[in-house]
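The values are calculated or read from the model by the stated rules, or taken from the named source; none is laboratory data. Just so you know, these numbers come straight off a predicted model, no measurement behind them. As a convention, Cβ positions derive from the backbone with ideal geometry for all residues, glycine included, and neighbour counts pool all protein chains shown.
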């Protein structure tokens, strides 16, 4: 377990650097990330490099004993480069170039920018690639931030056509795969294809899905080019990229295949405010953050990073970019840090060392105030450093017993044609994760392409594409399985399967989905569990009573001879099962979702434990961590006589405890 910090020497007078480095080490930090936004100072004019300041910064940090993560500065091409080559700019969906003046103002598809990025990365790697203090590299910064993955520029259009030709070989094959005959959208050549923007109404879903795939592949290509340069010129150093929360425009598993570990940027209060939490949740968790948002991303990026991840940017105080920006509860920075370590983080790096008094992020807190006095976040980072030293190394994270399947392509497919305005793929996965955590279960987020050996329960809440190979891997692992609605509902080309959904799952689950409907928010369909003494016909006025378990958002009609574990009010099957594989023909309300998950977990021989509101557990080896996100004191769900290494039997609001088992 290491602690680090993001530092911007170009923002501060050089006479401050040595004192900053000394204080970082005294605080207990061992890593420092620099350089990711510094292109204009590294190369102030075309071909004229100013290495003196960066050399001095590297040597100053190294002399203090700090290990350096060097960022490649390609997220912020300088003004002179944009002026000389305006073709590097991306275009938005309205067909307008995105101008210079903030950040991420480039097109992944610009060959000019690919060349210029390669040039600056090569120059950096040649100069610092074998410096003993430069121990890791971060490629670019936050791919996809500010909606910058999908690009509608002429560069993107040209490369998209080449991508289509490589994928389909002939335009006839592309037309057939898409079903382009619909609305007379057949193409005579690849040159006739444009990106799916500025159409009168919805563009063809085959075109839109392939454009998402193409855009994702462009991010992979861009990141791979940098990684290859760094591996060649900086041998023995590790490479990462800092991903973000709730960003699904590109396939993170594919990008991470070219780095050594994943990292991500954790801003619990900003996420609570910005990413779909209810007003009640925003008020209840105002200063703590949602109990599951950060944990979800820790588990996701541990999967993306093939078992390894860092938090590259950890919120240390109020941020500046959400609609509202409250300060964390005292102790929350410490709790967020330990939560990351409990989920397997190798390093937690705080953003940033000192609050900057100018420009766009001047309201974003750091470990130090602008007057260079240690802020509350810095004090809590120092507390964590002391606790790490006292506890010693943690056991290696073990594989969880529950695999939650997550696919970026599934998100694109569902969100392109949601069929219901509030039916979002990410929400379905996240709701399932939250319910599992409320049952006290540890979870791995897993790509459908990964092996599943060792899992007792595999859950696919939203997987419209189901490959035969996935079914075979799931059969081999012997786990119980639960599939949400819309599973196997489309082929890779985006068609409804010839044998109807759930497609390849019919090998194990003999059923067909013969009709689907989406439900408006507030409209719920009562569901009666098998063995429930209530009659099948539930009066309409009782349909949403406290005692009624309900389907919401989505309902399917099934054609099957399988016995129903739950039925709709008309007696038709809502939940069917065969040999421990279950299929849901609806999306459950939260209480019903938790009941179903508890049932299938118990049948998979998993021990569940209902958590008090706001309390969450995470196991790491022989240590169990408990975190309290509720605004009230809670008891620790530890056995009598537990030997605590952090905290004790009571959890204060925003508090944590850890004990050995």
When region 62-88 is examined, which residues are found to be out of contact with any strand residue (DSSP E or B) (no Cβ under 9 Å at 6 or more places or on another chain), more than 27 Å from residue 17 (Cβ to Cβ) and not in a loop (DSSP other than H, G, I, E, B)?
81, 82, 83, 84, 87, 88
Going by what's in this entry, would residue 494 be described as part of a loop (DSSP other than H, G, I, E, B), in contact with a helix residue (DSSP H, G or I) (Cβ under 7 Å, 6 or more places away or on another chain) and either on the phi < 0 side of the Ramachandran plot or surrounded by fewer than 22 Cβ atoms within 10 Å (Cβ to Cβ) (or both)?
yes
Checking the structure you have, find out if any residue of region 204-220 is assigned to a loop (DSSP other than H, G, I, E, B), modelled with pLDDT of 95 or more and exposed (fewer than 15 other Cβ atoms within 10 Å of the Cβ).
no
Report, ordered by the first and then the second residue, all pairs with beta carbons closer than 7 Å, sequence separation of six or more or different chains, a first member in region 289-316 that is touching a residue at least 40 places away in the same chain (Cβ under 8 Å) and at positive phi, and a second member that is surrounded by 24 or more Cβ atoms within 10 Å (Cβ to Cβ) and part of a loop (DSSP other than H, G, I, E, B).
289/629
By residue number, the members of region 131-144 that are touching a helix residue (DSSP H, G or I) at 6+ places or on another chain (Cβ under 8 Å), surrounded by fewer than 22 Cβ atoms within 10 Å (Cβ to Cβ) and at negative phi are 131, 132, 133
Do you know which residues across region 449-474 are in contact with a strand residue (DSSP E or B) (Cβ under 9 Å, 6 or more places away or on another chain) and assigned to a helix (DSSP H, G or I)?
470, 474
From the list 327, 322, 365, exactly one residue is at pLDDT below 95 and out of contact with any strand residue (DSSP E or B) (no Cβ under 8 Å at 6 or more places or on another chain). Which is it?
322
Just checking, does region 379-390 include any residue being touching a residue at least 12 places away in the same chain (Cβ under 8 Å), crowded, with 19+ Cβ neighbours inside 10 Å and under 12 Å from residue 317 (Cβ atoms)?
yes
Can you name the residue in region 8-34 that is assigned to a loop (DSSP other than H, G, I, E, B) and out of contact with any helix residue (DSSP H, G or I) (no Cβ under 7 Å at 6 or more places or on another chain) and is also surrounded by the fewest Cβ atoms within 10 Å (Cβ to Cβ) among such residues?
13
Could you tell me which numbered condition residue 590 fails, if it satisfies all but one of (1) closer than 29 Å to residue 283 by Cβ; (2) touching a strand residue (DSSP E or B) at 6+ places or on another chain (Cβ under 6 Å); (3) in contact (Cβ under 8 Å) with a residue 40 or more places away in the chain?
(2)
Residues of region 608-629 that turn out to be out of contact with any helix residue (DSSP H, G or I) (no Cβ under 6 Å at 6 or more places or on another chain), in a loop (DSSP other than H, G, I, E, B) and touching a residue at least 40 places away in the same chain (Cβ under 8 Å), as a count
6
Only one residue in 86, 78 is more than 18 Å from residue 218 (Cα to Cα), modelled with pLDDT of 95 or more and either buried (at least 19 other Cβ atoms within 10 Å of the Cβ) or under 29 Å from the mean Cα position of the chain (by Cα) (or both), so which one is that?
78
